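Student: Questions regarding the structure given below will be posed in turn.
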Amino acid sequence: MTVTISRLYDDYASASRAVGELEAAGIPPSDISIVASNADNWYATEGKGRTTTTRPGAARTTAKLDRDGDGVDDRVEGAATGVGIGATLGGVAGVLAGLGLMAIPGVGPVVAAGWLVAMLTGAAAGGLAGGLIGALTQAGVSPEDANVYAEGVRRGGTMVTARVPDSERARCEAILNRSSVNIRDREAAYRRSGWSHFDTNASPYTNDQAQRERETYRDRGAA
């Protein structure tokens, strides 16, 4: 029997490391999917990890984000880390090699790859709530959790979803849990701020909003 496991991460670098570790553990790339917010334009079709944007009429570069003072944009470092891990552990056939841009209602621009992308397209075409909610629930994720995952991606996070044999579930969950968000704690934090459910009509997060969101949970110890 195959089970579906999803986890939310506050940044792409952490999620991509988890993807690489799943591939190294023997989970086929075809059974792994990643959906990452592109609110801060860290990815563009010109190349993974660049801080350029392809939106018509938009500026071609974004402001540098360099908290560690090493002269390199932190978003580029994070993306490069993920791509490097994908190349090392999964090679060109790894799921990270298939990253591409798409838009999800209520979430905004995302960078996605893997089997869930096809389900996202089908869910949206079928009119299922939010595209991402429909795809996740079809894959076996509870509606309650699907709402939190979708909201987390909307706010700048990254979601990894894997289909794994039930016999491998504990091992794969241990891999995914290492740097993931505690989904129950995050849901509680959202609800304390007045959130109740994922809203497809909500405005996508801006770069500044996504950065503030990440800083909020980093300051709280990733609650």
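Student: From the gyration tensor of the Cα coordinates in segment 100-210, what semi-axes in whole Å does the equivalent ellipsoid have, largest first, with each one equal to sqrt(5λ)?
Tutor: With the √(5λ) rule applied to segment 100-210, the semi-axes are 21, 18, 13 Å.
Student: Same structure, new question: Would you calculate the separation in nanometres between label points at Arg212 and Arg178, each defined as 7 Å from the Cα along the Cα-to-beta-carbon direction?
Tutor: The modelled label-to-label distance comes out at 3.3 nm.
Student: Consider a paramagnetic label point 7 Å from the Cα of Thr2 along Cα→Cβ; state which residues of segment 165-180 have an amide N under 17 Å from it.
Tutor: Answer for segment 165-180: 165-170, 172-173.
Student: Then there's this: With each label point set 7 Å from Cα along the Cα-Cβ vector, what nm distance links Ala97 and Ala170?
Tutor: It is 3.4 nm.
We did not get these values from a lab; they are worked out from the coordinates using the rules stated. Fair warning: this is a prediction, and the values are worked out from it, not measured in the lab. A quick note on method: Cβ atoms are made from the backbone with ideal geometry, for glycine too, and the neighbour counts reach across all protein chains shown.
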